[in-house]
Structures are given as structure tokens and as C-alpha cells.
Amino acid sequence: MRKLKAGIAKEFLLLLNDKVGLGMMVFLPILLVVIITTIQNSALNLVNNNQIELILSNQDKQALSKDYVASLKQSQLFNIVEEDFSIDELNNAINGSDTPFGLHISENFSATIIEENQIKTNSILESMGLEESSGKKNVIDNKITLTLIYSPIIQSNYAQSIEKMVFTLSKKLSTNLFLSELSELLEIDPSSLNIDQQLEQSNLLMQKASVDKVESSFPNASQHNVPAWSIFAVFFMVVSLAGNFVKEKVNGSFDRVLTMPSSVWYLIGSKAILFWIVSLFQVILIFTISRFLFQFIGLPTLYFPDNLLIFGWIILLTGATAVSYSLLIGVYSKTVEQATGFGAISVVIFAAIGGIWVPSFVMPPLLKLLSNISPLHWCIELFYSVFLKGGTFANLISPSLVLIGMNVVFFLLVYLKLRKLNILSK
Amino acid sequence: MNISVENISHTYKGAERLSINELSLKIKSGTKHGIFGSNGAGKSTLIKIICNVISPTSGTVVFNKKDDSLNDVVEVKQSIGYVPQDFAFYEELTLLQNAKYFGTMFNLTDIEIQEQYDSLVSVFGLKNDQKKKISSFSGGMKRKVNLILGLLHKPEIIILDEPIVGIDVHSKNDILNYLNELHQMGKTIIYTSHQMNESQSFCENFTLLNDGKNIITGNLEEVLLHQNKRNLESILLDQ
């Protein structure tokens, strides 16, 4: 036990003296989590909360188009800047600015809606036998009355959502007009029908609910990013731990220990324990900052799961897996460059296929299959089950078993390599 | 403690030839034994095998205390002080921090570590540098640190692989003088060096290695006579 303590103390001093390594393990992860969360939070805000910037050019200038512009403003979805632009000028304006959308209302907007409604009304009256056939056409020509222009940097699915919003408001305007005209023809006072109100009213309600049962009403950028990037940071210990292990092999201090009446397991064990403790510290630090300080820098607060015991288990298992993986890389690498280079790149690859950057369910089938070999994938599964889905111990059993299995395999490979090198018999 | 190296062979993974080839050797207790040979002759490999850092492919190394062979690995390890050619310590730490770690691995108590540390630091003139990280030390000082860490547990057998390579005359003298003191206290010293003048004047017995084989073991006269040379350096020049 005394040797283990001396080993841990030595590792601790080495870590304290390695300012770059310490920075990589403590400060960079915090910076990473803050930056990624800020980026995704602002992206979510753009979609969910912020008014969308829109340059509007109304070339129609009739009452209907003015009503339409008013309904766009009332929707509070858009921050509208009105300009007198042709389509080409509007295109140039969107290209040359940060404004993502432009809407061009053509000169025939009102006339087209009126014509369309007359055709519809006539058609209905004729079919009801209330009016003789006029012989006029009852087919509506397709005419472009609205042109939505969007910046090429806008994702197409987002642009499609905006297009639907804009189109829905124009359809609503057209429907209102149609019902008003129909009621006039039927000699009913349109105002008595409260058409607007009737159209708005519906007993079909939709409730928005996430499958999570945690404190936050809806998953936010912190809830997604803090666990994901904390796992990434914990696994990045491979650079320090594996590098440190190889450095000892190369500089001869490992050989010196082999000449001593002491087991090599003290050397490995002290490293494993210290870096395990460091991983716990990393996660607790990042999560504490996210819980209590994020609100002061304009980021959504991270909500902890109710069951802290489950949370603790996940942190311990994640740290242990990162340690065993790092030791594996350290034992099999021959140079510090091999250990740090391969270690870092492998963690980035495991993060990519493991769903740290984008969820694995959106990946192609092959990558989805490959994600199962990534220890980070199973760690993120554990974190998401409690942070986003409010999972219980039962939900954690299968990813936990996979991670325990990975730990056993990693340690077995370490053992086999040391045995092959005849180190264990020293 | 006598050391018998009995018919050992060793080959490194992927190497075409044997690094040690059926080598046998006896080193008497309390002697200063030099192992010399050109680069690649097998000196460092032989030393690592004696120190149990690497295992021979075949053959054994037997440690005899009086007439009994020592089978207890812990006791053998406790008897050996290995000073490798590399700076085998943690340069980011101070000398005392290194001493505490390696001393504990040698089963020394904190008091024993401190006593031996104070004594050795004083002998090698490093008292004023105790609080500095070893990374700030000169090459000569680092050689002394390497030696101090190998001597902390007062070993009976001191095995030195190129202990004076790349250092100034003063540091060289400090190290060789202290090794002579240890020899007078009855310690066995096994020594390899490329610096043949120092080796010739420091050691009592010699083993000449070539291609992993023991060419001859004996005192200076016997070796020179066998090789028909006037000094050790000329033997190496002909190899």
C-alpha cells in the first residue's frame, strides 16, 4: 500500500509539473464545452427563439398584400426590413448581408388571389345551381406571386420550414377572402360569422413533450453538449497517460523499477488510480460549471438527474474505460509520438463514430454498426439515458455491461503484452 | 556475493543475430569488474540480464552468498544497485522527490531514505540544488543523480552502465572516488565504459566481449597477454 501511495504521489507531482498536460486535461475541456455549447445554443436560438431577419419587397402595394405583410409582422416570427427591390436586387441584398431570407411580393399578388377566389366562388355557385355557367374558365393558372430567397449558408430543411410558414400565411389570407366573398354572395354578413376566429379555433390540440423526465422542460444545448464533450475530454487523457507511460519506458525509469523488489503493477496501478481520480475531477468540474456558472455567460443551465447514485456510477465507469484504453495505448506504443498521435486520433475517430458530434442514429448503417466498437458511444448512451431520458438503473444495464466488457478486454490485452515482454515475472 | 553467469544467450525480437551468445562468466564478491567491448558487443544487454531487466533466451544467472545460491528474487533485487546508461529518473521532479519514490520501491522507510539521501547529496555536492527540478541540472549533475538513485538502498552489488559518459573531469573524479570508497567497504562493482583509460585504472578484473561472446575474463595482465596488446584501448581499436 505504501508503494502504491508513493506511486500515486509521484504521478500527481508529475502531472502538476506538466503544465501543458494539466491544461489539456482541465482547462481545454472547459473551453471546449463552453465553445461547443455556445455555438449550438446560438444555432438553436436562431431556430427556436430569435426573430428571423427578413428583407421584404412588396411590389403589389394593394390592400391584400398590405394585409399579408401585416400578418407576417403579427406572426412575430420575422424581423422585417421593407425595401423596394426587384428580385435581382433582393438576391444581391441577401448575398451581400447576414440577413438569411428575402421575400418578394410580385405586382400581381392581390389580383391573382382575387381572380383565384372568383373562379372558386363561381365554380361552387355553379355546382350548387345558384348561378348559370358563364362559360368562363374555371381553371386557375399557376402564377408566381411570392418569391422566397434564402442565403446559401442556410440549411435546406430550415429554409423549407420558413417557406411553409410564409406560404401558410398567404393561404390563410386567401381562404379568409374566399369565405368572405362566399358569405356575401349568400347574403350573410361576413362579420357575423367571425371567420378569423372560427378558423383559429380548434379542439385538436397538440402537446409538445420530450421523453425526458428530468428537471428541464425541454433538452437544451447544455443537456446535449456537456455530457458529450466531457466524455471526449476524459478520453483525451490518452495523450497524457499513454505518453507518460511510454516516456518512462523510453527513458529507462521503467527498467529501473524492474530491478527493484517491487511489482510492475504498482507502477501501472498508481497511474490508473491517479488518472481515474483526475477523470472524476474533470467531469465534476465541467458539470459544476455548467450547472452553476453557465447562466452567467448566457448559456442554458445544465440540469442534473434526480438520481445522483446513477450519475456517480456513469462517471466512474466512463473514467475507468478511459484509463484502461489509455493504458492499452501506452503499453503497445513504442514511442511517445506513437502513443500521443495514435491515442489522440483514435479518440477523435471514436468520438465521431460514437455520436459525440452528431447522434449515431442519423449515421449511415455501416457507421451505425461501427459505433458499437467505440467506447465513447456506450459512455454517451449512459449519459443520455439519465440526462435526456431520465433513465433508471435498469436502462443502464446493457451499456454498462458493454463498457465493463471493454474494460476487461483492454486490461487483458495489457496483461498479455506485459506477459509477452516477460515483465510480469520480474 | 558472487555472480555466476551460466551459458546465457539472448536475442532481441526481430534481430538476426544473438546479442549474447552462450556466455559464461564469474564475478567475485568485492571486486571491481570491468566489462568492455566495442559497440554492439553485448555489454548493456549482459548488464540488463544480470539486473533482471530482460530475461535471457537460455541460461541462468546465479547469485551466491557464501556457498548458498540465492533464490529469493526480492533479496537478489535488494542486493543490486543498477545505474543505467540513460537518465532513468523523472526530470520534472526534484532529486528528493525522485529519491522518495525509488527509495520506497526499495522498501526503505522514510527515515532511511532521508538519511541516505542527505549523505549522498553531500558526497556528490548537490546540497545547494535540492529544490531545483532535475531538468535544470547539467549532464554531470544528472549522472550523479542517476548514481544516487542506484545507491539509495546501500546495495552489495553496484552495476554501472557507462556511468561517466559525457561528463566533465570534476564530476568524473567525484564519481570514481566515491565508487572506490564503496569498493573499500566490500561492495562488488560491475562497470562498463567506453573510456578505456579510466576503466583500466579503475577495475581489477575484466571481461572482453565480442559479438556477445566472452573472449576472455581475467585481471589486466591476463587480458593484455591473451590479446597480445599493451593496453585495453588498443584491444578495442583492433576489434
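Mind listing the long-range amide H neighbours of B:Ser58? Cut-off is under 5 Å, sequence gap 5 or more, other chains count too, H placed in the peptide plane at 1.01 Å from N. Excluding prolines and chain starts, which carry no amide H, the hits are B:Ser9.
Under 10 Å, Cα contacts only: if you run a Gaussian network model on chain B, which one of B:Ser38, B:Ser19, B:Ser135 comes out with the highest mean-square fluctuation? Top of the fluctuation ranking is B:Ser135. In the elastic network of chain B, a GNM with C-alpha springs shorter than 10 Å, the most mobile of B:Lys131, B:Lys28, B:Lys172 is B:Lys131. Counting only heavy atoms of the protein chains and using a 1.4 Å probe, B:Met185 has close to 130 Å² of accessible surface. Against the longest alpha carbon principal axis of chain A, how many degrees, from 0 to 90 and to the nearest 10, is the axis of helix A:2-17 turned? The helix A:2-17 is inclined about 50 degrees to chain A. In the complete set of protein chains, residue-level accessible area for B:Phe87 is approximately 60 Å², probe 1.4 angstrom. Look at the stretch A:242-248: the mean tally of other chain Cβ atoms within 10 Å of its residues' Cβ atoms is 1. Per-residue 3J(HN,Hα) values for region A:295-309, derived from phi via the Karplus relation 6.51 cos²θ - 1.76 cosθ + 1.60 with θ = phi - 60°, read 4, 7, 10, x, 10, x, 5, 7, 9, 7, x, 5, 8, 6, 5 Hz in sequence order (x marks Gly and Pro).
Across region A:84-96, rounded Karplus estimates of 3J(HN,Hα) from the backbone phi angles (6.51 cos²θ - 1.76 cosθ + 1.60, θ = phi - 60°) give 9, 10, 7, 4, 4, 5, 5, 4, 4, 5, 5, 4, x Hz, Gly and Pro being marked x.
Relative to the longest principal axis of chain A, what angle (0 to 90°, nearest 10) does the C-alpha long axis of helix A:375-387 take? Rounded to the nearest ten degrees, it is 60. Among A:Pro100, A:Pro305, A:Pro227, determine the one that fluctuates most according to a GNM of chain A built with springs between C-alpha atoms less than 10 Å apart. Answer for the Gaussian network model of chain A: A:Pro100. How about region A:312-412: which trypsin sites (Lys or Arg not before Pro) there are in a DSSP loop, with at most 11 other Cβ atoms within 10 Å of their Cβ? When the trypsin sites (Lys or Arg not before Pro) of region A:312-412 are filtered for loop state and at most 11 Cβ neighbours within 10 Å, A:Lys334 remain. A:Met165 contributes an accessible area of around 60 Å² to the protein surface, as traced by a 1.4 Å probe with all chains present. Taking amide hydrogens as placed 1.01 Å from N in the peptide plane, the amide H of A:Ile149 sits under 5 Å from those of A:Gly102, A:Leu103, A:His104, each at least 5 positions away in sequence or on another chain.
Using only helices, what value at 222 nm comes out for chain B when you add -39,500 (n - 2.57) per DSSP H run of length 4 or more and divide by the total residues, to the nearest 500 deg cm²/dmol?
Values: 9 runs with 91 residues, N = 239.
Taken over chain B, the calculation gives -11000 deg cm²/dmol.
Averaged over its residues, the protein assembly as shown has an accessible area of 49 Å² per residue, based on protein heavy atoms and a 1.4 Å probe. Buried between A and B is an accessible area of approximately 2700 Å², summed over both sides with a 1.4 Å probe.
Which whole-number percent of Cα pairs in region B:73-180 have a distance greater than 24 Å? Across region B:73-180, Cα pairs with separations above 24 Å total 15 percent.
Sort A:Arg291, A:Arg419, B:Arg143 by accessible area with a 1.4 Å probe, largest first. Can you show the working numbers first?
Values: A:Arg291 55, A:Arg419 135, B:Arg143 20 Å².
I get A:Arg419, A:Arg291, B:Arg143, largest accessible area first.
Computed extension gain for B:Asp168 through B:Asn107, at 0.36 nm per residue and net of the alpha carbon distance, reaches 18.6 nm.
In vacuo Debye scattering of chain B, one point per C-alpha: log10 I(q)/I(0) at q = 0.11, 0.14, 0.15 Å⁻¹? Those come out to -0.57, -0.93, -1.06, one per q.
Order the following by accessible area, largest value first: A:Trp229, A:Trp378, A:Trp276, A:Trp357. Probe radius 1.4 Å; ligands, DNA and RNA are ignored. Working shown, then result.
On the way: A:Trp229 20, A:Trp378 45, A:Trp276 95, A:Trp357 125 Å².
Largest accessible area first, the list is A:Trp357, A:Trp276, A:Trp378, A:Trp229.
Assuming R0 = 41 Å, what is the FRET efficiency of A:Tyr332 and B:Asp238, from their Cβ-Cβ distance, to the nearest 0.05? Spell out each step's value before the answer.
Details: r = 43 Å, r/R0 = 1.05.
Here the calculated transfer efficiency is 0.45.
What FRET efficiency do you get for B:Asp86 and A:Ile144 if R0 is 60 Å and r is their Cβ-Cβ distance, rounded to the nearest 0.05?
Working: r = 79 Å, r/R0 = 1.32.
Result of the calculation: an efficiency of 0.15.
Round to a whole number: what % of the accessible area of the protein assembly as shown belongs to carbon and sulfur, probe 1.4 Å? Numbers along the way, then the final one.
On the way: 18700 of 32890 Å².
Of the solvent-accessible surface of the protein assembly as shown, carbon and sulfur hold 57 percent.
Amide H contacts of B:Tyr82 (H built 1.01 Å from N, in plane; Pro and chain starts excluded): B:Ile159 sit under 5 Å, all sequence-distant by 5 or more or on other chains. Report, in degrees rounded to the nearest 10, the 0 to 90 angle that the Cα long axis of helix A:237-251 makes with the longest principal axis of chain A. In chain A, helix A:237-251 runs at an angle near 30 degrees to the longest axis. Per-residue accessible area (protein heavy atoms, 1.4 Å probe) orders A:Arg2, A:Arg256 as A:Arg2, A:Arg256, starting from the largest.
Remark: mean inter-chain Cβ contacts per residue of B:79-85 equal 3, using a 10 Å Cβ-Cβ cutoff to other protein chain atoms. Pairwise inverse Cα distances across chain A, averaged and inverted, put the Kirkwood hydrodynamic radius at 26.7 Å.
The values are calculated or read from the model by the stated rules, or taken from the named source; none is laboratory data. No experiment lies behind these values; they were computed from the predicted model shown. No Cβ is skipped: glycine too gets one built from the backbone with ideal geometry, and neighbour counts run over all protein chains shown. Please note that ligands, DNA and RNA were not included when accessible areas were found on the heavy atoms of the full protein model with its side chains. Shrake-Rupley method; radii C 1.70, N 1.55, O 1.52, S 1.80 Å.
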